[in-house]
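Every read-out reported here was derived from the displayed coordinates using simple, explicitly stated rules and does not represent laboratory data. Model, not experiment: these values are computed from the prediction. Neighbour counts run over all protein chains shown; Cβ positions are idealised from the backbone, glycine included.
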Amino acid sequence: MSRLSLAPGGLLRDGEPHRIVSGSIHYFRVHPDQWGDRLDRLAAMGANTLDTYIAWNFHEERQGRPDFTGWRDLPRFVELAGERGLDVILRPGPYICAEWDNGGLPSWLTGRAGLELRTSDPGYTSAVEEWFSVLMPRLAGLQASQGGPVLAWQIENEYGSYADDQEFMQWNREALLRHGATELLYTADGPTHLMQDGGALDGTLATATFGSRPQASFALLEARRPGTPLLCAEYWNGWFDHWGEKHHVRTPESVAADVDAMLEANGSVSLYMAHGGTNFGLWAGANHDGALQPTITSYDSDAPIAEDGTLTPKWHDLREVITRRLGSTPPPAPADPRLLSPALGFAWETSAPLRLPSPRQGSGQRVHPAPPSFEALGLSSGLVVYSAQPVLPLGPSTLVLEGLRDRATVLLDGEPLAALDAESALTGIDLHGDGERHRLEVVVEAYGHINYGQLLGEPKGLLGPARIDRRRITGWRACAIDLAHAEPAGLAELTRRAPIEGTTALGGLLATARVSLDEALDGHLALPGWGRGYVWINNTLLGRYDEVGPQRSLYVPSPLLHAGDNTVTLLEMRRLGGLPRWLAAADLGESEQFIEVFD
């Protein structure tokens, strides 16, 4: 029997009135050596519950090879929360949004032709069924009914914003039950009739997600189901950022007032995010609103617990509200983290222009009539070098790349012609040919897969025809470069050695710098003057950087460093910058107030 139950106007826990005050922390966005520290900070804020999404693609990057070890040891994360007296809400999706690559769905699944995602399509439900058969047995024994901390499960995720397949939502509910869920089940959707109509299920607790006007949102839930317990499944006390935008923030006062109002109304609330963490590696997702909007590496989200664990003024205001409303006494506030000093300087070691492996005629590689997508090559993220040998017609012509996802450097006979994004690729590149064949290379760089909306699952690569004027180019070879799993030593094999002075990033460059540390502490790494690329700390891909901002520094967790020499490796796609340096605090760029808009 579920430990949580529904009563007129509220929740009961073991038969007693109960309010959930939860905070979202995603295990996949926090280094596992820091899980305990971040959970301590959540408990000290006064929260009684942890909630987390479960990212399918984080556990099963390759079909049939699920991984629950190390960073992916989800049961350990749940157990650590229980050891701190926290209840746990699990949100297994399998679609989670979360500004996470592909909304948590594996690219090997979304790359299947004709598959209708998040519907009753048997091709989709059979894959989810198989995933649940692997996932749920690892978690079922951690439920409250068996002495564990898990006391609720979310069904799918904000489905009413996507579709209205009620048969599919019911199937999701039954799949959780079939695979061992015994605790409370609920749905979560935005606070509009349209969203609630599409995602809510009869006989199941319906909750809302929002970032303002809690009274209006709770009133909508009450009007639809009189006497229902009121639960904000995601209260957006901050917001995420896209490259090229400003850093979104919420004032501590506005957040504390909203949470106070929800608790006063005998409602429950989950803070999204309590601690945002970091989109390490290439896991950041993207949105699309007329153009691609990739999410930045930081997922700080202006959360009460900052990306490096610092307790912000928002944390202190929330602690006051929560303890006053619940009448509880949380653990003492942990100390803020110690950070590496800006006085610790770097020294250049090497720099070299990239020499990407180009597919060649006669190499035995498969020849494709059209450029294959990343997914067709078994690649989710990174780079693909496409190569063909078209005839350039006499005189002027235009090279057009349709369906570019997401950026490309174009080379002709080894010489860079242009750097393109999806929009400029349609405008084209002016050529002047001689009637002969020439070697055309297109180096495509993928940003995160779209995580929200109807373009969910869109593949990466050159998706439309490449053509010269109206004539389509055929006979393509492709070479995939898996940056997500590459180590700097392997990337160095793709370079020609050159001195640091005078090196440019025309076509890309690889540079390394070293810093010596007396002890491993957290740090905030700045890359002054660099354009756009990827940064490794020792052998771990920290994430992307981009001069467009807003993010100006990247958080480096202490477990990625060690006493002695440490190496920073930069794979740069634009230009050489100055020496890396440590900052005294995070620099997430110019900020603006987050404004929630529902349409």
- Message: Testing the spin-label approximation: label points 7 Å from Cα along Cα→Cβ at ASP413 and ASP469. State their distance in nm.
- Response: 2.0
- Query: Roughly how big is the chain's charge dipole about its Cα centre, with Cβ charges of +1 (Lys, Arg) and -1 (Asp, Glu), in debye to the nearest 20?
  - Reply: 1100
- Note on the structure: For the range 242-256, in residue order, the Karplus 3J(HN,Hα) values (coefficients 6.51, -1.76, 1.60; θ = phi - 60°; whole Hz; Gly and Pro = x) are 9, 4, x, 9, 8, 7, 8, 9, 10, 6, x, 5, 5, 5, 4
- Message: Need the full-extension length gain, GLU264 to ASP430, defined as separation in residues times 0.36 nm minus the C-alpha distance. One decimal, nm.
- Response: 53.3 nm
- Among PHE77, TYR534, PRO332, pick out the residue whose Cα is farthest towards the positive end of the charge dipole of the chain, where Lys and Arg carry +1 and Asp and Glu carry -1 on C-beta, about the Cα centre. TYR534
- Note on the structure: Quick note, the range 375-484: a/c under 1.5 would make it rounded; otherwise a/b > b/c is prolate and the rest oblate (a ≥ b ≥ c, C-alpha gyration tensor); here it is prolate
- Only loop residues by DSSP count here, and only those with at most 11 other Cβ atoms within 10 Å; note down the trypsin sites (Lys or Arg not before Pro) in the range 447-487 that meet that. ARG470
- Message: Run lengths n ≥ 4 of DSSP H only: what is the helix-derived mean residue ellipticity at 222 nm for the chain, with -39500 (n - 2.57) per run over all residues, to the nearest 500?
- Response: -5500 deg cm²/dmol
- Message: Based on Cα coordinates alone, diagonalise the gyration tensor for the range 4-326, multiply each eigenvalue by 5, take square roots, and list the semi-axes in whole Å, largest first.
- Response: 27, 23, 21
- Net charge near GLY564, counting Lys/Arg +1 and Asp/Glu -1 over other residues with Cβ under 15 Å of its Cβ? -3
- Table column - 3J(HN,Hα) (Hz), the range 30-46, Karplus curve with 6.51, -1.76, 1.60, x for Gly and Pro: 10, 4, x, 5, 10, 4, x, 4, 5, 5, 4, 5, 5, 5, 5, 6, x
- Based on the mean of other Cβ atoms within 10 Å per residue, sort peptides 194-203, 423-432, 33-42, 8-17 so the most packed one is first. 33-42, 194-203, 423-432, 8-17
- Choose one of SER516, ASN451, PRO229: the residue whose Cα lies farthest towards the positive end of the charge dipole of the chain (beta-carbon charges +1 Lys, Arg; -1 Asp, Glu; about the Cα centre). SER516
- For the range 89-103, in residue order, the Karplus 3J(HN,Hα) values (coefficients 6.51, -1.76, 1.60; θ = phi - 60°; whole Hz; Gly and Pro = x) are 10, 10, 10, x, x, x, 7, 10, 6, 6, 6, 9, 3, 6, x
- Task: For the range 375-484, give the magnitude of the charge dipole about the Cα centre (Cβ charges: +1 Lys/Arg, -1 Asp/Glu; no others), in debye to the nearest 20.
- Result: 340
- How much net charge surrounds SER591 when only other residues with a Cβ under 14 Å from its Cβ are counted (Lys, Arg +1; Asp, Glu -1)? -3
- Mind checking the full-extension length gain between LEU12 and THR323? Use 0.36 nm per residue of separation minus the Cα-Cα distance, one decimal, nm. 110.0 nm
- Query: Label-point separation (nm) for ASP289 and ASP565, each offset 7 Å from Cα along Cα-to-Cβ?
  - Reply: 4.7
- Find how much the distance from ARG439 to ALA257 grows on full extension, using 0.36 nm per residue of separation minus their present alpha carbon separation; answer in nm with one decimal. 59.2 nm
- Task: Please list the non-local residues whose amide H lies under 5 Å from the amide H of LEU230, H modeled 1.01 Å from N, same-chain partners needing a gap of 5 or more.
- Result: SER268
- Message: Just to be sure I understand, if you calculate Cα extents along the principal axes in Å for this structure, which of (i) 93, 54, 52; (ii) 78, 60, 44; (iii) 82, 57, 39 do you get?
- Response: (iii)
- Add +1 for every Lys or Arg and -1 for every Asp or Glu among the other residues with Cβ under 12 Å from the Cβ of GLU547, and state the total. +3
